[in-house]
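For reference, the structure is listed below as C-alpha cells.
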Amino acid sequence: MTEASIFTRILNGEIPGDFVARTDRVFAIRDINPQAPLHVLVIPVTEQYRDVTELAAGDPALMAEMVAMAEQIATEHADGEFRLIFNNGARAGQSVFHVHAHVLADLEEDRLVGF
Ligand code: DGP
C-alpha cells in the first residue's frame, strides 16, 4: 500500500489542519505557506487523482464540487472573487500529488502575476 498523502493525514487528524469547509467528498484547509491574505486548498477526500488532468477525465462532477466550494469560501471569507490555481506536474510547481486547487482571494492588484 502506498503512504497516505499529507492531505489525507490532515483529514484523518494525524496532522493538524485549519479546516474552513467540508462535505462528504471535498474539504478545504488554509495553506501552510499563504501567498495571499486568503489562501485555501480545496481537496477531494479521495486521493485517487494525482492532478487536475486525471480529475477532469475521471470525475468532472467532483471537479465542479471543488469549484463550488471555492466560490463558497471566497464569498464567506472575502469579497467573492478569487483565483483558482492547479499546479499540474512537478515542473509547474506541484509538490503534493493528491489533486488540490489553490483558492486565492483578497488579492492586491499588483500581485496578480507570479503564483
Ligand atoms: P502544490 O505545490 O501545488 O502541490 O501545493 C501544495 C501546497 O500544500 C503548498 O502550497 C503548501 C501546502 N502544504 C504542504 N504541506 C502542508 C501542511 O502540512 N499543511 C497545510 N495546511 N498545507 C500544506
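The values are calculated or read from the model by the stated rules, or taken from the named source; none is laboratory data. Please read all numbers here as calculations on a predicted model, not as lab measurements. In this analysis, Cβ positions are derived from the backbone assuming ideal geometry, glycine residues included, and neighbour counts consider all displayed protein chains. Just so you know, the surface numbers come from the protein's heavy atoms only, side chains and all, with ligands and any DNA or RNA stripped out. Shrake-Rupley method; radii C 1.70, N 1.55, O 1.52, S 1.80 Å.
Here are the numbers:
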quantity: Of the criteria (1) surrounded by 12 or more Cβ atoms within 10 Å (Cβ to Cβ); (2) more than 14 Å from the ligand (Cβ to nearest atom); (3) among the charged types (D, E, K, R), which one D79 fails; calculated: (1)
quantity: Where a residue in segment 1-16 is exposed (fewer than 11 other Cβ atoms within 10 Å of the Cβ) and its partner, wherever it lies, is assigned to a loop (DSSP other than H, G, I, E, B), with Cβ under 7 Å and at least six apart; calculated: none
quantity: Matching entry among E14, E76, E65 (being among the charged types (D, E, K, R) and under 17 Å from L107 (Cβ atoms)); calculated: E76
quantity: Condition met for L38 (within 17 Å of N88 (Cα to Cα), open to solvent by less than 50 Å² (accessible area, probe 1.4 Å), touching a helix residue (DSSP H, G or I) at 6+ places or on another chain (Cβ under 6 Å) and away from the ligand (no atom under 13 Å from the Cβ)); calculated: no
quantity: Count of segment 17-31 residues which are open to solvent by less than 80 Å² (accessible area, probe 1.4 Å), in a strand (DSSP E or B), more than 6 Å from the ligand (Cβ to nearest atom) and not aromatic (F, W, Y); calculated: 4
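So that you can scan it fast, the table gives a plain yes or no per residue for (1) in a loop (DSSP other than H, G, I, E, B); (2) at pLDDT 95 or above; (3) touching a helix residue (DSSP H, G or I) at 6+ places or on another chain (Cβ under 6 Å):
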site	(1), (2), (3)
Q48	yes, yes, no
E54	no, yes, no
A68	no, yes, no
A74	no, yes, no
Q94	yes, yes, no
H98	yes, yes, yes
H102	no, yes, no
D110	no, no, no
